[in-house]
1. So if R0 is 51 Å, what FRET efficiency would B:D104 and A:T85 give, r being the distance between their Cβ atoms, rounded to the nearest 0.05?
2. In a shell of Cβ-Cβ distance under 10 Å around B:I103, excluding B:I103 itself, what net charge do Lys and Arg (+1) and Asp and Glu (-1) give?
3. Starting with the fewest neighbours, write out B:R27, A:R456, A:R118 ranked by other beta-carbon atoms found within 10 Å of each beta-carbon.
4. Please compute the length gained on full extension between A:L444 and A:E246, using 0.36 nm multiplied by the number of residues separating them and subtracting their Cα-Cα distance.
5. Structure shown: which of A:K107/B:K61; A:K224/B:K61; B:K57/B:K97 lie over 31 Å apart, alpha-carbon to alpha-carbon?
6. Based on the Cβ-Cβ distance of A:W76 and A:S266, what FRET efficiency does E = 1/(1 + (r/R0)^6) give at R0 = 51 Å, to the nearest 0.05?
7. Between A:K459 and B:D139, with labels modelled 7 Å along Cα→Cβ, what's the label distance in nm to one decimal, could you check?
8. Under the rule a/c < 1.5 gives rounded, and otherwise a/b versus b/c splits prolate from oblate, where does the range A:233-277 land using the Cα gyration tensor?
Amino acid sequence: MASSSPPPAQAPVLSPPNPPRPQQLPQPLPVAAVKSEVPVAEPRDPPASVSSIPLEPSPAAVAASYTITIPSCSGWFSWDQIHDTERRVLSEFFDGKSASKNPGVYKYYRDSIIRRFRGNPSRKITFTDARRGLVGDVGSIRRVFDFLEEWGLINYTPLAKPSAKKGEMGDDSEKKETPRRICSHCKSSCNMACFTTDKADIILCARCFVRGDYRPGLSSTDFKRVDITEETKADWTDKETIHLLEAILQYGDDWKKVAEHVGTKSEIDCVARFIKLPFGEQFLGPEEVGEYGKPHQKNDKVVTVPEGENVPEQSLSKRMRLTPLADASNPIMAQVAFLSAMVGSDVAKAVAQAAISSLHKVDIAGGISASDDRLQSAASNGAKEEEAVAASNGQTSSDVLNEAVAEAQSQLKKEEQDVEQYLSDVVQVQMKEIQDKIVHFEELELLLEKERLQLRHMKDLLFADQLAIMQHKMQLLSKGNEKGEKVKQTNHVP
Amino acid sequence: MRSFHPGASKAPMKFRMPTAENFVPIRLDLDIDGQRFKDAFTWNPNDPDSEVNNFAKRTVKDLKLPPTFVTQIAQSIQTQLAEFHSYEGQEMHIKEKIVPLKIDLRVNNTVIRDQFLWDISNLESDPEEFARTFCKDLDIGDPEVGPAIAVSIREQLYEIATQSISSARETRVGKKGRRGADIVANSKAGNTVDLGKLFGSKGSVIRKRKEWYLYEPIVDILSNEEVGALDAREELNARLKRKLDEKEESFQTRYSHG
């Protein structure tokens, strides 16, 4: 079941109380106005100063004309129509699979629930209230209810603090930082990580990315991985990261002060974030990481982000030692040059080779351009390093091929060995089987032999008996004859 | 062996609710620690089992019931669903075609009484739509009436469907718990309407005037005192019935062991 979640509530927008008029809320313009205005404005500005749209309705104060607010992300809602979002999320009503689940029924549920809520907007409507007043099976009603609640069409109360809202809006302007994105391919929300490409303004969830059906113009390398779980938890904006690094530079180990400087993050969060920033390793063990770390980095983020994050840190700490580079026109090269200045030219060359071999193409310009403003400088060695990097480009592809061939061969050998091993195992098993059979047959033979002996014995006995009987008979016969003769004799005699 | 004349049943089919959607009516009537919870709704048996638990938790949370209700509600729903599923493999023979259904409900302050004919063999029938139209046509203010009507119709249809299963005919022992105190379920599905007579040469489709009053829906709105009185009486009845049931059970167990 695909469920999409809206981006976090942006400026809530007024909508007049709900006569069943189609209220195409006039958001597009005012929202834009609000959005662009507020991040620039001082955070202390009272909300009333923001054009004609108060950010906080006051339902209690004005009894007659209470206001219903819904988030501007749900501005598509209209009483008379069913929007694509609804069709998409609650597809069960629109796919025609069941006769009684049709758009009319959906509209009935939706309108009833929203009307019910708006009849008493200060009180959140519960699912049980809703389903008790609606005819239908509670499963579908629940799904409609959840959908409406998620999109703020019911039970939505705008946030009280203007600063919280501004923080969110500041986040929203940066597409990267927004948690909970929708995959443009399968229309499901991405939770763990999503892959974005700036070439085409597409977001893919992990599954679609792995499956590989992008548009023909894109390849897997064009995508940048954005970890959402981390972001949703930590939600670190670039500004906060800069603050963090500045604070660390200034206060060192005093995490309390660092947290204060950052402002919106606790100590633990700051420490965790600092640890997660991977740039430290590069400078602890540059040889190792440079050569072996990079080829295995599928995670482009590590390649790109540290370059963005490193620069402020490094520039801050090494500003003394390095002369700022005049050339910031090619930001990637500038950063590469900058980093390579840190580690030395050999390591930088190795790093560059490895990075290029794992990326195939270096197209990080789009991602890094956002951090342009944070670039402080590039070393003067930059030009030299650029040449070195450019030169190494040509060699890398043949190296890569050779490597691949060698690896393939070794794998092949291994497989052959494995196959031989398996064959010998199989043969062994067969032999064991045969051996067992032989043993079995021998036993059988033994048994048979015994039986034969027994039979012979019995035959002998039988023979003996027969003999005995014959003898007996003979004896009797001969006795009989004798007796007969005697009788004859006696008969004769007289 | 089977004579094929128009009134007889068609080839037996697998058990299902004779409606467009194969939904199950669920009725809950729990009494835990003196707190009574009654509810009735329609459930889609194809929903995953996890829905049952979620629904129970949500209901308890929404109505602020004590948490012991969660397991009880979930179990009750599961039992009724299991019963429904146990019928599913079997065949049912639908003999009757048109049956009268009765509605006799009290929902909060509204009393509804109605009777109408329903075609059992129409597998596209929709009790939900009937209930919605009913409430709209009769301008019923209380939104809780609709679901109650739909559930009542479904329960009667369910009863008819289960009775038409041949193997189930023997095991018709004391079906408790299916009837709430509010409604009188129509279990006499036998008094079908004989279509032949009705639409034959002598009969006419138009209902006789003297029968109109039988089929006219009645909607009454009660005052709060009347509601209170009725509630109290039902409570009393329910308690007495429960006591009787308990006695009967203990009687059975005692003498079945002897």
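1. On the way: r = 43 Å, r/R0 = 0.84.
Efficiency computed from Cβ-Cβ geometry: 0.75.
2. Working: positive: B:K102, B:R113; negative: B:D104, B:D114.
Around B:I103, the surrounding residues sum to 0.
3. Fewest-to-most ranking of B:R27, A:R456, A:R118: A:R456, A:R118, B:R27.
4. Length gained, A:L444 through A:E246: 62.3 nm.
5. Numbers: A:K107/B:K61 27 Å; A:K224/B:K61 42 Å; B:K57/B:K97 40 Å.
A:K224/B:K61; B:K57/B:K97, as the Cα separations exceed 31 Å there.
6. The computed FRET efficiency comes out at 0.85.
7. 11.6
8. Values: a/c = 1.44, a/b = 1.34, b/c = 1.08.
Cα axes put the range A:233-277 in the rounded bin.
Every number in this text was worked out from the coordinates using simple rules, so none of it is lab data. What you are looking at is a predicted structure, and each value in this text was computed from that prediction instead of being measured. Don't worry about glycine lacking a Cβ; one is built from the backbone with ideal geometry, like all the others, and counts go over all protein chains shown.
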